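So the structure is just underneath, and the comments pick up after that.
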Amino acid sequence: MRAQTALALPLILAGAPAMAQPLHQYAALAFEASGAHVASVESADEPDAATPTRGTIVIRTARDGHVAATIDPCKACSYGGLAYGPGGTLLFVARDKKAGSSTLMAYADGRARKIATVDGLAAEPRWSPDGTRIAMLVTLGARKEAGATQAGVREIGEIGETSDEERIAIVPVAGGAIRLVSPADRYVYEYDWTPDGKGFVATTAKGNGDANWWVATIDAIDAASGTVRTIATPVTQANFPRVSPDGQTVAYIGGLMSDFGSVGGDVWTVPLAGGAPRDATPHYHGSFTSLLWTPVGLRATALIGAQAAVVPIDPAKGAGEPLWTAPASISAADARVAFAADGSMATVAQDYEHGPAIFAGPVSAPVRISHENDQYAPIVAARSLTWKSGGSEVQGWLLAPRGAASSSVKAPMVTIVHGGPAAANTPGFVWQGTNAALVRAGYWLFLPNPRGSYGQGETFTAANKRDFGGGDLKDILAGIDAAEAAAPIDDERLGLTGGSYGGFMSMLANTQTHRFKAIVAAAGLSNWISYYGTNGINTWMIPYFGKSAYDDPDVYWAESPIKYIKQARTPTLITVGERDIEVPPTQSVEYWNGLKAMGVPTSLVIYPDEGHGIRAPDHVADARRRTIEWFDRYLKAQ
C-alpha cells in the first residue's frame, strides 16, 4: 500500500488566533469533466453561531483555486445538488424552505436560469447521457426532511396510512414541467442513468422510506413507462448503485450498514439483466465508502484503518493498490471524491488539526487549492492508536489539548463512542461544539473504532452481531488502557459519552463497569425489546439479531441495559430529541426512571421538535453547556 503524503494539509503559523475568525466550509463539491473548474457551496461559519450560516455557490479554477464566479440567485435559498454537464454547465438546486419549494437551476456563461420548480424537496440532479434531460429525486408535498435521522412527523390520526414518496423525475434541459417516472408506491433512495439513457438503476423499497432502506432492492426503472424490474435482492444493505459504461454491469457497495448514508462494505457486481450479486472484493482489509465509474475505470473510496483512500477496482480481479491515502476525512457531491474525464480528482479534506480545504489534481498527488482556513490554529494534537483486543487489532484516535501532550500532569479523559454501530470515528477539524468545549476545558478525548466499525473489512464490521455491548465494550476498555499507557491520563477521572449506538453503549457501560465516573448518553437505547416495537426503522435490526424481538426475545433482552440497571452506579446525563424516530425518547425515559429507582444521580433533557440528533442552535448550545457542566461536576471534583 502506498501512503501518499501529497495531501499536504497546511502548516499553522505560530501565534495564529485560535477562534478569531469564521471557519470556511465547502459542501457538495463538483468537478468539471474538463478538469478546469471545481464548484462548491461555500460558507463562513462563525464559531457556535446562534443562526446557521447561509452559503453561496463558488466556482474556482482547479489549477490554483482562483475564484472564477460566485452564484447566488436566491437570497432566501440554500443550495445543493451541484452537478457539471456538457460544456461546463452547472446544475444546482435552490431550496426555499420558507416557501416549501425547490428549484432546479443551471448556470452557464455567467447566467443562472430556472429549469423547474417543485412544491417540496428536490435532490441529486443528474444529466442524461446525451445531455438533453435532467433527472432528479423529488418529494412532492414533503411533510418532513428526507431521512430517518430527521425529525419525524407527529404521529396522530390513523398511523401508517401516509408517508412521503421520493421519486425519480425528468425534465428537459430547456425547462418545463417535471415528469414523474418511478411509481408512487416505491421510495427511491439512490439512482444512476443507464448509458443508453432509456432508464435507471436504483435502490428502492415499497412503503415508508424512512423505515425500509434496510430491505431495499436494486431495480431497473424504465424512463418512458416507469416499469420496475428487480435486478437483485442483495444479501446485505446496498449503496451507490452505478452502471458500467458498456451498460452490462451494475456495481454497488454492499455490507452490514446500520444507517442510510453511513456507507461501508465490499464492492459487489451484478449483471444489469439480473442475477446473483458477486463480491468483487472479498476479505478486503478495509471498508469501501463510495463508488463511481469513471472514464479510466471503476474507482472507490475506502477507509483503511486510519486512512482514507482512493482505490481502483477491477470487477473481475478485485481491488488494486490505493492510488492515494491520507489520515483525513474526504467529501464531494456524488461520492467522497469527484473525477474529471482524465482521471484527475477533487475533494474536500480535513483532519483533527486542519480545517477543510479543497484539493485537486492528479489522483496520486492532489494539491490544496483553497486557503481560507490556513491561519486557523489547531486546539488539539491528534494521533492514531492501535491495540490488541479479542484477537484483532483495533484502531482509534487520541486527542490532546494543544500543548498538553508533553505534560506529565495527569488529566481527565472523555471517551466518545460513535453511532451506528456500523460507522467509524474519522478525522474532523475540532473548532466548535462539544468536542472543542471539552478540549478547552482541559479534557483529553479518546475516539475508538471497536468491532462493529468500518475500516478493517466486513468480518470486523459484523463481529458484534448478536453481541451488542459485549466484545465492542471490551475493545473500548482495552483502548483506554492503551491510551493511558501512551499519555498522562488519570484513570480515576474517566468520562464516557456517545449518541445513538454510542448512547446505548454509554447506558450499557454504566451497568458493566464502574471505571467511568461520569456519563452523558445522547439518544440511547435502554431496552432492545421495547425499542423494537416503538422505533420507526426496526428492519435494520434483523441483520444484526437474526430474528425479530418476537421470535427471539432472549438475545434482545440479554443485551438491554435496563436488564442490568441494578448494577448502575455512574451519574448519567441523558439527552434526546422529542421527534426522534430512529431512537424514540421513551428509551431515554425508561433508562432515566431506572437510574432514579437505583438512586443514581441523573438528569433527562428532551429537546422539542428535534429528531435523531440535536440541530437547532439554541438546543445545541444548551446540550453542550449541560455536558461540560456534568463532566466538570464529577471529574474535575476528583
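The values are calculated or read from the model by the stated rules, or taken from the named source; none is laboratory data. Since we're looking at a predicted model, the values are computed, not measured. Reconstructed Cβ throughout: ideal geometry from the backbone, glycine too, with neighbour counts over all protein chains shown. The protein model used for the area step is the full one, side chains on, heavy atoms only, and it has no ligands, DNA or RNA in it. Shrake-Rupley method; radii C 1.70, N 1.55, O 1.52, S 1.80 Å.
A few remarks follow.
- Selection within the stretch 317-336 - among the acidic types (Asp, Glu) and either modelled with pLDDT under 95 or buried (at least 20 other Cβ atoms within 10 Å of the Cβ) (or both): Asp334
- The numbered conditions (1) in contact with a Leu (Cβ under 6 Å, 6 or more places away or on another chain); (2) open to solvent by 40 Å² or more (accessible area, probe 1.4 Å); (3) farther than 25 Å from Asp472 by Cβ are all true for Tyr550 except (1).
- Restricting Ala357, Ala405, Ala377 to residues that are among the aliphatic types (A, V, I, L, M), farther than 24 Å from Ala28 by Cα and either touching a strand residue (DSSP E or B) at 6+ places or on another chain (Cβ under 6 Å) or surrounded by fewer than 17 Cβ atoms within 10 Å (Cβ to Cβ) (or both) narrows the list to Ala405.
- Residues (outside any helix (DSSP H, G or I), among the acidic types (Asp, Glu) and farther than 15 Å from Ala522 by Cα) located in the stretch 595-638: Asp609
- Being of a type in the set (Gly, Ala, Ser), surrounded by fewer than 16 Cβ atoms within 10 Å (Cβ to Cβ) and either free of Cβ contacts under 8 Å to residues at least 24 places away in the same chain or in contact with a helix residue (DSSP H, G or I) (Cβ under 6 Å, 6 or more places away or on another chain) (or both) is a property that Ala68 lacks.
- Residues that are without any contact (Cβ under 8 Å) to a residue 40 or more places away in the chain and either in contact with a His (Cβ under 9 Å, 6 or more places away or on another chain) or open to solvent by less than 30 Å² (accessible area, probe 1.4 Å) (or both), drawn from the stretch 514-545: Tyr532, Met541
- All positions within the stretch 1-55 that are open to solvent by less than 30 Å² (accessible area, probe 1.4 Å), modelled with pLDDT of 80 or more and either in contact with a Cys (Cβ under 8 Å, 6 or more places away or on another chain) or not aliphatic (A, V, I, L, M) (or both): Tyr26, Phe31, Glu32, Gly35, Ser40, Glu42, Ser43, Gly55
- Scanning the stretch 227-241 for residues that are open to solvent by 90 Å² or more (accessible area, probe 1.4 Å) and not in a loop (DSSP other than H, G, I, E, B) returns a single hit, Arg229.
- Selection from the stretch 570-584 of residues that are closer than 21 Å to Gly209 by Cα and not β-branched (Val, Ile, Thr): Gly577, Glu578, Arg579, Asp580, Glu582, Pro584
- Residues in the stretch 309-353 that are out of contact with any Pro (no Cβ under 6 Å at 6 or more places or on another chain), among the charged types (D, E, K, R) and more than 20 Å from Ala33 (Cα to Cα): Asp314, Lys317, Glu321.
- Filter pass, Ser588 being closer than 15 Å to Gly611 by Cβ, of a type outside the set (Lys, Arg) and open to solvent by less than 30 Å² (accessible area, probe 1.4 Å): yes
- If only residues of the stretch 604-638 that are loosely packed, with under 15 Cβ neighbours inside 10 Å and under 24 Å from Met413 (Cβ atoms) are counted, the one that is nearest to the chain's Cα centre (by Cα) is Arg625.
- When the stretch 134-156 is filtered for residues that are among the small types (Gly, Ala, Ser) and in contact with a Leu (Cβ under 8 Å, 6 or more places away or on another chain), the ones remaining, listed by number, are Ala142, Ala146.
- Verdict on Ala76 being more than 28 Å from the chain's Cα centre (by Cα) and either surrounded by fewer than 20 Cβ atoms within 10 Å (Cβ to Cβ) or modelled with pLDDT under 95 (or both): no
- Residues that are open to solvent by 10 Å² or more (accessible area, probe 1.4 Å) and either touching a His at 6+ places or on another chain (Cβ under 6 Å) or under 23 Å from Asp196 (Cα atoms) (or both), drawn from the stretch 244-268: Pro245, Asp246, Gly247, Gln248, Thr249, Trp268
- Count - residues of the stretch 19-74 that are of a type in the set (Gly, Ala, Ser) and part of a strand (DSSP E or B): 9
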